[in-house]
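The block underneath contains the structure these notes are about, expressed in structure tokens.
Rule-based calculations on the coordinates, nothing more; no lab input. All figures in this text were calculated on a predicted structure; none of them were measured in a lab. Positions of Cβ are generated from backbone atoms using ideal geometry, with glycine treated the same way; all protein chains shown enter the neighbour counts.
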Amino acid sequence: MIRLLINGSKGRMGIALVAGAMEDPELAVSAEVDEGDDFHAALAGCDAVIDFTHAPATAAVADACATAGKPLVIGTTGHTDEDRSRISSNAKKIPIVFAPNFSVGVNTLFWLTQKAAEILGPDFDLEVVEMHHRLKKDSPSGTARRLAEILAKARSLSYEKDVLHGREGMVGERTKSEIGMHAIRGGDVVGDHTVIFANSGERLELTHKASSRETFANGALRAAKWAVTKPAGLYDMQDVLGLR
Ligand code: NAD
């Protein structure tokens, strides 16, 4: 039995995680922690931590898990480069699964996106479109960012320099080196992502639509079971699913 501390337990994902863990005979929830609760006190009684909170909170969670020697699964998105490097350095001490999306379908989309970029080559214009519910705080989504990173790597471009967030005014003709990124917000959409490869005369679109948070929760619970068997290191859902 693996005892889990669910951090962000009152949030949309936290509620799905607690419900999913309670249905799994291999898992138990030793602590449901949210803002204002004593995370450090709860840490001692768990075998692994799952964090779906807000980006500014995660680096301190990683520090505490590394000190206590507890494996960590991070689903939270929207981190700064500084947060990311603090999380990475903690992964020298504990296994950390850090993934912008825990669904099997989206991880297959990551794989397909890389293959399509390699096969279609530099003549195709690249655009990423995402839509999420009106309450989402960070933009673009962590999944859209990862898709653009995959495209940038496949084309020897840079996420920081070549991704263009939205277009407004006299922006001029599209250049070959830009990757367009567009974030739509509204309603209760759980998460839609489309990667567009557009050339003269044809267009390929790869789309994933999540209709339930259970898919992310089940993936994160699977990642926690996997992480407790692994040595220290920084992993993502591609590692958990054996897609590398
Ligand atoms: P939410 O706002 O519904 O829930 C976040 C919860 O975290 C809230 O209950 C909040 O009180 C709590 N929280 C904030 N700061 C905290 C702290 N310091 N300590 C403990 N708890 C704290 O958000 P959500 O929809 O559940 O999403 C949470 C995060 O997960 C977001 O970053 C979102 O983008 C991400 N997300 C990732 C995936 C994935 O597959 N990786 C899927 C869905 C959502």
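Some observations on this one:
- For the chain, the longest principal axis of the Cα atoms and the long axis of helix 104-120 meet at an angle of about 30 degrees.
- Cα-centre dipole for the stretch 51-173 with unit charges at Cβ (Lys and Arg positive, Asp and Glu negative), debye to 20: 560
- Vicinal HN-Hα couplings computed from phi for the stretch 228-238 (Karplus, 6.51 cos²θ - 1.76 cosθ + 1.60; Hz; Gly/Pro x): 5, 9, 9, x, 3, x, 9, 10, 9, 5, 4
- Summarising the amide proton neighbourhood of Ser177: residues at separation of 5 or more, or on other chains, whose placed amide H is nearer than 5 Å comprise an empty set.
- Expressed in units of 2.2 N^0.38 Å, where N is the residue count, the Cα radius of gyration of the chain is 1.05.
- The order of Thr108, Thr229, going from fewest to most other C-beta atoms within 10 Å of their C-beta, is Thr229, Thr108.
- Note on the stretch 109-201: lysine pairs with Cα distance below 26 Å, sequence gap of 8 or more or different chains, count 8.
- Label reach from Lys137 (point 7 Å along Cα→C-beta): in the stretch 25-57, amide nitrogens under 20 Å belong to 32-40, 50-57.
- Cα centre as origin, Lys/Arg/Asp/Glu Cβ charges: the stretch 1-88 dipole, Debye: 80
- By the count of other C-beta atoms within 10 Å, a proxy for reagent exposure, Cys65, Cys46 are ordered fewest to most as Cys46, Cys65.
- Charge dipole (debye, nearest 20) of the chain; +1 at Cβ of Lys and Arg, -1 at Cβ of Asp and Glu: 320
- The long axis of helix 214-227 is offset from the longest Cα principal axis of the chain by roughly 60 degrees.
- Under-5 Å amide H pairs with Val73, H placed in peptide plane, nonlocal only: Val49, Ile50, Asp51, Val97
- Farthest toward the positive end of the dipole of the chain, out of Ala220, Ala66, His208, is the Cα of Ala66, where the dipole comes from beta carbon charges about the Cα centre.
- Cα-based helix-to-principal-axis angle, 12-23 vs the chain, degrees rounded to 10: 50
- Residues Ser89, Ser30 arranged by fewest to most Cβ contacts within 10 Å: Ser89, Ser30
- Phi-based couplings in Hz for the stretch 157-163 (Karplus 6.51, -1.76, 1.60; Gly and Pro marked x): 10, 10, 4, 5, 8, 9, 7
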